[in-house]
Amino acid sequence: MYRVVGLAMPRWDLGTVGYVVGSPSDIDKAFTELYLRCYPTTNDMTREMSGKISCIIASIRRGLPVSSAVFLLDPYGIANEVGTRYGIKRDIILNWVYSWFINYLRSDGFIADTDVVFLDQELSALSQVIKASIGGSASAIAGIMATIIMVKRINTGELPIRVIDVRDRAFKHVEDLVTNR
């Protein structure tokens, strides 16, 4: 049995990347629970109506049949900071950040070669370094996870979502690449 992985970053300015993983049937169940019960109009929960957010929070708290995480990556913040400091084009730095991120996901077991990966449109650049499809239920669920932790009135400690801050590690990797060239 293979796993389905979803990755999404619905808002580039937040810098959060949502991640979900589960069997194909688990992804379908989670999608049904979130989208057919709560009917969100967007994957960006910071722009969703409070009633729909309450439904989604209740569904997440009850438990979804998928594992989820949110990575605090901030690729555009890294690209802007390093690009300004060293005079390197933002696109080059973004490619380095995304390459590092995929290697991190692989080395820490978040993604395996046998996984079927779905990305949202914002992360479509990752398809250059990993076999993936754009769209799908898994990336939609990952989009909700990426932004739900940013809704101001939600205590993220009460949600079964791992929050993993990788920004400093990605920044150090990119800065090392620049200074060691």
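The values are calculated or read from the model by the stated rules, or taken from the named source; none is laboratory data. Keep in mind it's a predicted model, so treat the numbers as computed, not measured. Cβ coordinates were reconstructed from backbone atoms using ideal geometry, including for glycine residues, and neighbour counts include every protein chain displayed. Keep in mind that these areas ignore ligands, DNA and RNA; they rest on the heavy atoms of the full protein, side chains included. Shrake-Rupley method; radii C 1.70, N 1.55, O 1.52, S 1.80 Å.
If you filter segment 1-33 down to residues that are modelled with pLDDT under 95 and among the hydrophobic types (A, V, I, L, M, F, W, C), you find that the one that is nearest to residue 61 (Cα to Cα) is 14.
Looking at 53, 130, 154, 93, can you tell me which residue is open to solvent by less than 40 Å² (accessible area, probe 1.4 Å), farther than 14 Å from residue 10 by Cα and touching a Gly at 6+ places or on another chain (Cβ under 6 Å)?
Values: 53 fails: touching a Gly at 6+ places or on another chain (Cβ under 6 Å); 130 fails: touching a Gly at 6+ places or on another chain (Cβ under 6 Å); 154 fails: touching a Gly at 6+ places or on another chain (Cβ under 6 Å).
Sole residue among the options that is open to solvent by less than 40 Å² (accessible area, probe 1.4 Å), farther than 14 Å from residue 10 by Cα and touching a Gly at 6+ places or on another chain (Cβ under 6 Å): 93.
Across segment 39-50, the qualifying residues are those that are free of Cβ contacts under 8 Å to residues at least 40 places away in the same chain and of a type in the set (Val, Ile, Thr), and the one among them that is most open to solvent (accessible area, probe 1.4 Å) is 41.
Of all residues in segment 6-33, count the ones that are among the small types (Gly, Ala, Ser), touching a helix residue (DSSP H, G or I) at 6+ places or on another chain (Cβ under 8 Å) and open to solvent by 40 Å² or more (accessible area, probe 1.4 Å). Steps first, please.
So the first thing to find is which residues in segment 6-33 are among the small types (Gly, Ala, Ser), and the list is 6, 8, 15, 18, 22-23, 25, 30.
Then drop every residue that is not touching a helix residue (DSSP H, G or I) at 6+ places or on another chain (Cβ under 8 Å), which leaves 6, 8, 15, 18, 22, 30.
From what is left, the residues that are open to solvent by 40 Å² or more (accessible area, probe 1.4 Å) are none.
Summing the residues that are among the small types (Gly, Ala, Ser), touching a helix residue (DSSP H, G or I) at 6+ places or on another chain (Cβ under 8 Å) and open to solvent by 40 Å² or more (accessible area, probe 1.4 Å) in segment 6-33 gives 0.
Against the list (1) farther than 20 Å from residue 145 by Cβ; (2) of a type outside the set (Phe, Trp, Tyr); (3) open to solvent by 20 Å² or more (accessible area, probe 1.4 Å); (4) modelled with pLDDT under 95, the condition residue 36 fails is (1). Of the residues making up segment 96-127, those that are surrounded by fewer than 20 Cβ atoms within 10 Å (Cβ to Cβ) and more than 18 Å from residue 73 (Cα to Cα) are 112, 113, 114, 115, 116.
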